[in-house]
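The values are calculated or read from the model by the stated rules, or taken from the named source; none is laboratory data. Values in this document were obtained by computation on a predicted structure and should not be read as measured data. Note that we place each Cβ from the backbone using ideal geometry, even for glycine, and neighbour counts take in every protein chain shown.
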Amino acid sequence: MSHPPYRRRPALGRLIVGVLATLSLVLPEGTAHAEPGNEKIDKAVVADLKDGKASYLVRLKGEASLATARAATTKAAKAKAVHDAKSAHANRSQAGLRRLLTERKAEHTPFWIVNAVKVTADAELTSEIAALPEVTAIDPIDTIEMPEPRPGKAQPQAKGKVANAVEWNIDRVKAPQVWNELNDRGEGVVVAIIDSWPDFDHPALAAQYRGRHADGRVDHNYNWFDPHPECATLGPCGTEEHGTHVTGTVAGANGIGVAPGVKWIAARGCAHERCDETSVIAAGQWLIEPTDLNGQNVRYDLVPDIVNNSWRIPSDKSYEHIVDSWIAAGIFPMFANGNGGEMGCGSSDTPAVYPQSYSTGSFDINGDLGRGSATGPGRDGDIKPNISAPGVNIRSSAPYGDYRLMSGTSMASPHVVGAVALMWSAAPSLRGDIDATRRLLDDTAIDMPASDCGGTPDDNNVFGEGALDAYAAVRAVPDDALGDLRGTVTSGGRPLRDAEVRVTTSSGHKVGTAADGGYSLLRLPPGRYEITASKFGHRSATRTVTVVDGQVATGNLDLLRLPHGTVTGTVTAGGAAEAGATVLVPGTPAKAVTDTSGRYQITLPHGSYRLETSGASHCVTTAAHQVTVAGNVTRNVGLDVRRDTFGYTCEAGTEPYVAGTDRLSFPMQARLPFAMPFYGGTYSEVWIEPNGVISFETVSNNGRTPLLNPALPNLALYPYWATLNVDAESDIYAGTFGTAPNRTFVVEWRNVRIDDPADSTDRLSFSVLLGEDGTISYRYKDVDGTSDHGVSATIGIENADGTDAFQYSHDTPSIKNGQSLTFTAGPPGTAHGR
């Protein structure tokens, strides 16, 4: 099945269509420069401008040549050449527009990877922008749609030749044969994931995250990018499952990933289920110029090798320029072909539809086409998908240490990414050669005949070239001259575990030492290497070794342990010992958890450090202190009890679960057997909502928000405010316990399903205990899934007008099975509760 390289096509010019029936639709009367540019403004932008300001993309003439980048020989040089050519062109062509926007103090974000600027402006300024001769179009910002994988059903795991059971899909692409027979797990290759956030602490993913050091420290600089402000400088965070699942199939340990030896990095192209196209433009740009978390100090040597994409953009305007830029930089562009197969032939998503993109369809354990797997032909009659891989009932990682079964081409694409990583690890000379890699994947694929949408039995628009065969693909790569490097890291002659060994290569090889201090770096091209071993609390050591083809070089190093001291102390909260508090030392692996007396102990090398202390729950504040270690030192830490303005505090515990006794019917309004005090008033009626809210005021159907919100609901309790489904397997109960003046009214949500995220099947039960004395207690059970720890919920209490509240958590994994949470009113506070 030999084929020529994929066809390149010059970028299409944009068809400019006049959209204004009259100038008054956009522009105030008498606006200057109105006439020359009005035909450039898309009608959707026209509509947005009627309400005042609008955000849109201004597209400008021309794109830079990438010839210099294609001619460069190293990955870093290629990436820098792409950036230099494209940014120089953007700076020239956007100069007039940027000057105008700066003068008018208009919010704007320029891009260089596509010749476009995101602008927020009113109708008058929009008219002036359109009048600029270098501007070709003013387009609305498209909404990027994350795919909606279907929940899957468990499939048998493969057993036999592999050391541990692996998932059926990993066995089907023959990855275990590559691991066991060719000793190749993708080492030395870096994969980027543009998706929703990935859980970098997941046990199956943590060791492979490039930002994690061997001693457990995590550095997100150059390894994480988020154009959305909530997670930009914090590291990977969010509530979505998709990105974690995809990353697991590429790199996951324990039999869920194709290439468990790779390193992965991530860009959060989408927050939640959808986002605007500027997010994926920014993510695509960051891959070629990785920066620190502040967007500075570019490191071209840290550009990834492969990028996985499982998303679609509605219109075909400019992302092709980004795919071309990746290819010129030596980055393999992998795309899921899409889940719209029910629409018939020609349903491939954009950007998967581009001839430059390599895209994947899906099949099930029986080799049948996955439900919804999109088909071709692609653009200009190109065969799409290019290849197919398992994508039905795929078990992979899910946030917070969980695992999930999903189906869709999003699940198929990472199999091919893993296979490319195995190929490039086996043959470093192939790395960055996109054409040659595509040919090898095509030529080694297993034919899957299908005639539904055209093509031939061995190359059709249903399965593409056929089923991925990672073993055959790796066997077909060039036979590079390679050698191995092994050694032992010691300190004072004793083996040093979790030391980090780095080798000066373009791929930034990095590995940790085992319990015996040993390490190994496989398949290095022959040559002289500088290796450096380091571990926190020790002085680094460096030496030079020579790797010879077919041989094993040895590089042992001994590290000097620095003088240390011990920091001890007691953590209190509101004057009482705080058991289970966490004391961290940022930038180091040092961490301690207080015992039942609130005591902690941390050993550190001499120097100055910042201690960050957090309580065992969200009921207390956090604290930070400086400490200088020149010997043993004591540092006690006092945490404040969080208190809202009215004076409510909370206490987390393990009080027993209390269930309701009487099933409620809709509408759920109940009269309390007593008058209950709450935020200065007394109330004897409650309205109970299926979405985990009890209000003393009225029912509200408004969407969930953080607390301190004047919109309804108010004067309410939020034990688990989320998108909940009270279905045939669940219900809401109530009951009264005790005798006056110590009666308790209980409301229980029993076995309710969490519908946020939409594909969740998690259920939990929780109850609210309303005390006659005004005490409020939440109790939780069956908290054992991904979504039911509070990651998609708001938990707390709020006053009558939304001006005071105690928000325990919002979209944070803050509760666990068997936990209780009790709110009591006390003296007015300083609004720590929010």
Checklist entry - Pick from region 572-600 the residues that are of a type in the set (G, A, S) and within 31 Å of the chain's Cα centre (by Cα): which of them is nearest to G211 (Cα to Cα)? => result G587
Checklist entry - Taking region 626-643 only, how many residues are more than 26 Å from K816 (Cα to Cα) and assigned to a loop (DSSP other than H, G, I, E, B)? => result 5
Checklist entry - Quick check: anything in region 676-694 part of a loop (DSSP other than H, G, I, E, B) and more than 35 Å from the chain's Cα centre (by Cα)? => result yes
Item to check | Out of V746, V783, sole residue that is within 17 Å of D811 (Cβ to Cβ) and of a type in the set (A, V, I, L, M) | outcome: V783
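So that you can scan it fast, the table gives a plain yes or no per residue for (1) within 30 Å of L524 (Cα to Cα); (2) small (G, A, S):
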| residue | (1), (2) |
| --- | --- |
| V191 | yes, no |
| D201 | yes, no |
| Q208 | yes, no |
| E241 | no, no |
| G257 | yes, yes |
Checklist entry - Which one of the conditions (1) surrounded by 24 or more Cβ atoms within 10 Å (Cβ to Cβ); (2) outside any strand (DSSP E or B); (3) under 25 Å from the mean Cα position of the chain (by Cα) does M406 fail to meet, given that it meets all the rest? => result (2)
Checklist entry - From the residues in region 218-232 that are farther than 21 Å from D301 by Cα and surrounded by 18 or more Cβ atoms within 10 Å (Cβ to Cβ), which one is modelled with the highest pLDDT? => result P227
Checklist entry - Quick check: is even one residue across region 193-215 within 12 Å of the chain's Cα centre (by Cα), surrounded by fewer than 19 Cβ atoms within 10 Å (Cβ to Cβ), modelled with pLDDT under 95 and not β-branched (V, I, T)? => result yes
Next on the checklist: Please pick out the residue among T109, T120, T74, T102 that is touching a residue at least 40 places away in the same chain (Cβ under 8 Å) and loosely packed, with under 14 Cβ neighbours inside 10 Å.
Outcome noted: T74
Item to check | Candidate set from region 366-398 (those that are of a type in the set (S, T, N, Q) and surrounded by fewer than 22 Cβ atoms within 10 Å (Cβ to Cβ)); member that is nearest to M334 (Cα to Cα) | outcome: N393
Next on the checklist: Can you say whether F646 is more than 24 Å from A577 (Cα to Cα), at pLDDT 95 or above, among the aromatic types (F, W, Y) and not in a loop (DSSP other than H, G, I, E, B), as far as the supplied structure shows?
Outcome noted: no
Checklist outcome for this item: Note: among G248, G341, just one is within 23 Å of D402 (Cβ to Cβ) and buried (at least 22 other Cβ atoms within 10 Å of the Cβ), namely G248
Checklist outcome for this item: The residue from G574, G587, G615, G607 that alone is more than 26 Å from H220 (Cα to Cα) and among the small types (G, A, S) is G574
Next on the checklist: among the charged types (D, E, K, R), in contact with a Pro (Cβ under 9 Å, 6 or more places away or on another chain) and free of Cβ contacts under 8 Å to residues at least 40 places away in the same chain: is that true of R561 in this structure?
Outcome noted: no
Checklist entry - Consider G660 against the criteria (1) crowded, with 20+ Cβ neighbours inside 10 Å; (2) in a strand (DSSP E or B); (3) among the small types (G, A, S): it satisfies all of them except one. Which criterion is unmet? => result (2)
Checklist entry - Out of all the residues in region 544-553, is one or more free of Cβ contacts under 8 Å to residues at least 40 places away in the same chain and surrounded by fewer than 13 Cβ atoms within 10 Å (Cβ to Cβ)? => result yes
Next on the checklist: Just to be sure I understand the filter: pairs with C-beta atoms under 7 Å, separated by 6 or more residues or on different chains, first member in region 132-146 and within 11 Å of W311 (Cβ to Cβ) and surrounded by fewer than 20 Cβ atoms within 10 Å (Cβ to Cβ), second member at pLDDT below 95 and of a type in the set (A, V, I, L, M, F, W, C). Which pairs pass?
Outcome noted: E145/W311
Checklist entry - For region 304-321, which residues satisfy the criterion of being over 18 Å from the mean Cα position of the chain (by Cα) and more than 17 Å from T143 (Cα to Cα)? => result D305, H321
Checklist entry - Would region 345-363 turn up any residue that is of a type outside the set (A, V, I, L, M), farther than 19 Å from D380 by Cβ and touching a Leu at 6+ places or on another chain (Cβ under 7 Å)? => result yes
Checklist entry - Regarding V392, is this residue modelled with pLDDT of 95 or more, assigned by TED's automatic domain parsing to the domain that holds I306 and touching a Lys or Arg at 6+ places or on another chain (Cβ under 8 Å)? => result yes
Checklist entry - Looking at region 703-723, is at least one residue free of Cβ contacts under 8 Å to residues at least 40 places away in the same chain and of a type in the set (S, T, N, Q)? => result no
Checklist entry - How many of the residues in region 465-486 are out of contact with any helix residue (DSSP H, G or I) (no Cβ under 8 Å at 6 or more places or on another chain), under 25 Å from S429 (Cβ atoms) and small (G, A, S)? => result 2
Item to check | Options P351, P333, P304, P355; residue that is closer than 29 Å to K80 by Cα and assigned to a strand (DSSP E or B) | outcome: P333
